[in-house]
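These notes concern the structure reproduced below.
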Amino acid sequence: MIKNDHELEIAQERIRQFERQVAQIRKTETNSENYRMSAAGLLAEIDRMNLQIRDYLWSVPTEPTASAA
């Protein structure tokens with residue numbers, strides 16, 4: 001679960017890394033079954049992280065506390 005903007009940025013960067021990995025596998029793997037097996041876990045993780053990002057962005061930002069102001 002993403003709790004703040006810093007964690008959001010980390011999740012977004014991880015997604016970009018996974019997408020680059022899938023793109024590389026797509027370029028190098030010639031066997032479609034091997035490609036799907038290799039990409040499946042990465043794509044599932046991308047989906048999971050995108051859901052977490054959506055949940056975080058959907059949540060209403062909390063009001064800053066007096067100590068944060």
Pair list, Cβ < 7 Å and 6+ apart or interchain, from the stretch 29-53 residues that are assigned to a loop (DSSP other than H, G, I, E, B) to residues that are surrounded by 11 or more Cβ atoms within 10 Å (Cβ to Cβ): Glu29/Tyr35; Glu29/Ser38
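Conditions (1) surrounded by 13 or more Cβ atoms within 10 Å (Cβ to Cβ); (2) at pLDDT 95 or above; (3) over 16 Å from the mean Cα position of the chain (by Cα); (4) under 18 Å from Ile2 (Cβ atoms), marked per residue:
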{"site": "Arg16", "(1), (2), (3), (4)": "no, yes, no, yes"}
{"site": "Arg26", "(1), (2), (3), (4)": "no, yes, yes, no"}
{"site": "Glu29", "(1), (2), (3), (4)": "yes, yes, yes, no"}
{"site": "Leu42", "(1), (2), (3), (4)": "yes, yes, no, no"}
{"site": "Met49", "(1), (2), (3), (4)": "yes, yes, no, yes"}
{"site": "Pro61", "(1), (2), (3), (4)": "no, no, yes, yes"}
{"site": "Pro64", "(1), (2), (3), (4)": "no, no, yes, no"}
{"site": "Ala68", "(1), (2), (3), (4)": "no, no, yes, no"}
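The values are calculated or read from the model by the stated rules, or taken from the named source; none is laboratory data. Values in this document were obtained by computation on a predicted structure and should not be read as measured data. Heads up, the Cβs are rebuilt from the backbone with ideal geometry, glycines too, and the neighbour counts pull from every protein chain shown.
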